[in-house]
Amino acid sequence: MCIRDSINAEYGDTHTQQMSMLPRWLLVGSYTLKEGHVGSASCPHPHGITVFRREDVADGFGHLVQHSQLEEGPPNLSYLCASKDGGFVYAVSETGGPNEEGNLLCAFQFEEGHLTLLNSVETMGASACHLSLSPCGEVLTVANYSGGSVCAVKVQEDGSLGAMSCFRQHEGSGPNPERQADGAHAHMAQMDAEGRHVLVPDLGLDKVLVYRLDREGGQLERVSEFNATPGAGPRHLAISPDSKVVYILNELLSTLTACTWDGDAGRIGDVLCELEMVPGAKVGVGGQTFAAAVRVSPDGRFVYGSNRGHDSIAVFGVLENGALELLGAVLCGASDDGEAETKEASWPPVECPRDFMLCGEQGEWLVVGNQDSDTIVVFDRNVESGMVAPTGIWTPCPAPGCLIALSN
């Protein structure tokens, strides 16, 4: 029996169904501390989550008005997810301390645009960076980046967090001496649409590890693994709406890999294609652009990926067999008026589009969180061509790391 349905920031799988609506609220999880990978001038600051309210929406997206902010609490609430009714919001506190201390999974009650902390539990792995809620809302899975591990935590009937039910440590390394030599780096713990499996891209291992999830017991059993291109650094992924294809975003080589997905067996199969997200840019060791987030349109016809360094959103069309073709790109800054095709990638980034989301009844808007320029920028999305264009709508926000939309 389901406790509650679930949603979160990923589009095209069980955690993105909330985007097929007209959202009232936009919640932004932020880095609050000055970290090596965070170039935001706003850090340090205390606002782990900012809540925006959409207004003047009669003729389109409208504009964003800041409604509330957390004024205290755990630092670096860099990734969020929520219950389907929007009554509960969950966040990871991404800190780089010891595995056993200060790496938190947090539960909040969300009511009338305000957040109240219910409780938090340790993830037992440093730099908790992603979380995912099961379709029935009974268990959360968390990826610990620096700890190189994944865990599961039970959710109580009242929306608060119970005890950790399972912990799995990854072992190994990859060929990139700057980012992979120090070991495993689990970067996502994403459930499939049915909540049967958890897919974990590990940037340090150049693998996607697949676990079978026992939702009742909150247990994870490894059932398969996919070997990425050496040095690719798989970071995030998204599953097509028909659950037949998985799109793997590789951070270090800034590529997007399309593969078949067998949801019954829990196995990533044949590679359909692997494409550059910023053709010709320097990637890998000494790279000038690094991929961040990937989303699939609600109709499954388009895939989008963000590039930090090139500071753009790449647009891909989906072919009949699930493979991809690059259609173009758009620069993601609030005042960018140049062409993405002629821009040179450079590191460190100016904008740093760490996350973005699609929202609206047909995903007709694309909203970007630019971590280093402290901005949220709204784009129109042509649902027929898949291309995106600036709306001129933007708002300041400190060091955005993740965006989710809620309608309650």
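The figure for Ser160 is an accessible area of roughly 20 square angstrom, using a 1.4 Å probe on the protein chains alone. Karplus-based coupling profile of the range 140-150, in residue order and whole Hz: 10, 10, 10, 9, 10, 5, 5, x, x, 9, 9, with θ = phi - 60° in 6.51 cos²θ - 1.76 cosθ + 1.60 and x standing for Gly or Pro. Modelled spin-label separation between Val350 and Glu157, with each label point placed 7 Å from Cα along the Cα-to-Cβ direction: 5.6 nm.
Rank Thr342, Thr375, Thr257 by mean-square fluctuation in a GNM of the chain with C-alpha springs under 10 angstrom and give only the top-ranked residue. So, out of Thr342, Thr375, Thr257, the one fluctuating most is Thr342. For the range 87-216, the convex hull drawn through the C-alpha positions has a volume of 106 cubic angstrom per residue.
Here r is the Cβ-Cβ distance between Thr260 and Glu361 and R0 is 41 Å; the resulting FRET efficiency, rounded to 0.05, is 0.90. Give, as a single signed number, the net charge of other residues whose beta carbon lies under 13 Å from the beta carbon of Pro234, with Lys and Arg counted +1 and Asp and Glu -1. In short, -2. Counting only protein heavy atoms and a 1.4 Å probe, tell me what percentage of the range 109-238's accessible area is made up of carbon and sulfur. Reported share for carbon and sulfur atoms: 45 percent. In this structure, Asp214 and Leu327 have a Cβ-Cβ separation that, at R0 = 51 Å, corresponds to a calculated FRET efficiency of about 0.80. Out of these labelled values of volume of the Cα convex hull per residue in Å³, [x] 156; [y] 117; [z] 169, which was calculated from the coordinates shown here? Matching the structure shown: [y]. Taking only protein heavy atoms and a 1.4 Å probe, the accessible area of the range 250-303 is 49% carbon and sulfur. Per residue, the chain exposes 35 Å² of solvent-accessible protein surface, assessed with a 1.4 angstrom probe and all protein chains in place.
If you take the Cα centroid of the range 135-186 and the Cα centroid of the range 250-273, the two points sit 20 Å apart. 3J(HN,Hα) along the range 22-32, derived from phi through the Karplus expression 6.51 cos²θ - 1.76 cosθ + 1.60 where θ = phi - 60°, amounts to 9, x, 8, 10, 10, 9, 10, x, 10, 6, 10 Hz, with x in place of Gly and Pro. Could you please report the charge total around Gly36, scoring K, R as +1 and D, E as -1 over all other residues with beta-carbon less than 13 angstrom from its beta-carbon? Around Gly36, the surrounding residues sum to -2.
Under 5 Å between amide hydrogens, built in the peptide plane, is the criterion, and for Ala228 it picks out Lys207, Val208 among residues at least 5 positions away or on other chains. The range 156-311: D in µm²/s via Stokes-Einstein (Kirkwood Rh, Cα pairs, 20 °C, 1.002 mPa s)? Taking Rh from Cα pairs, D becomes 133 µm²/s. With all protein chains in place and a 1.4 Å probe, the accessible surface of the range 314-362 carries 44 percent carbon and sulfur.
On the beta carbon distance between Asp56 and Glu171, with R0 = 41 Å, the FRET formula returns roughly 0.20.
Computed on the Cα atoms alone, the convex hull of the range 28-101 gives a volume of 131 cubic angstrom per residue.
Charge tally around Tyr211: other residues with Cβ under 13 Å, Lys/Arg +1 each, Asp/Glu -1 each, net +2. The charge dipole of the chain, taken about its Cα centre with unit charges on the Cβ atoms of Lys, Arg (+1), Asp and Glu (-1) only, comes to about 400 debye.
Between Lys34 and Glu72, full extension at 0.36 nm per residue minus the direct alpha carbon distance yields a gain of 12.1 nm. Does the range 172-227 come out rounded, prolate or oblate, given a ≥ b ≥ c as the square roots of the eigenvalues of its C-alpha gyration tensor, rounded meaning a/c under 1.5 and, failing that, prolate meaning a/b above b/c? Note, shape of the range 172-227 comes out prolate.
The values are calculated or read from the model by the stated rules, or taken from the named source; none is laboratory data. Note that the coordinates shown come from a computational prediction; the quantities given were computed from them, not determined experimentally. Glycine also receives a Cβ, built like all others from the backbone with ideal geometry; neighbour counts cover every protein chain displayed. The protein model used for the area step is the full one, side chains on, heavy atoms only, and it has no ligands, DNA or RNA in it. Shrake-Rupley method; radii C 1.70, N 1.55, O 1.52, S 1.80 Å.
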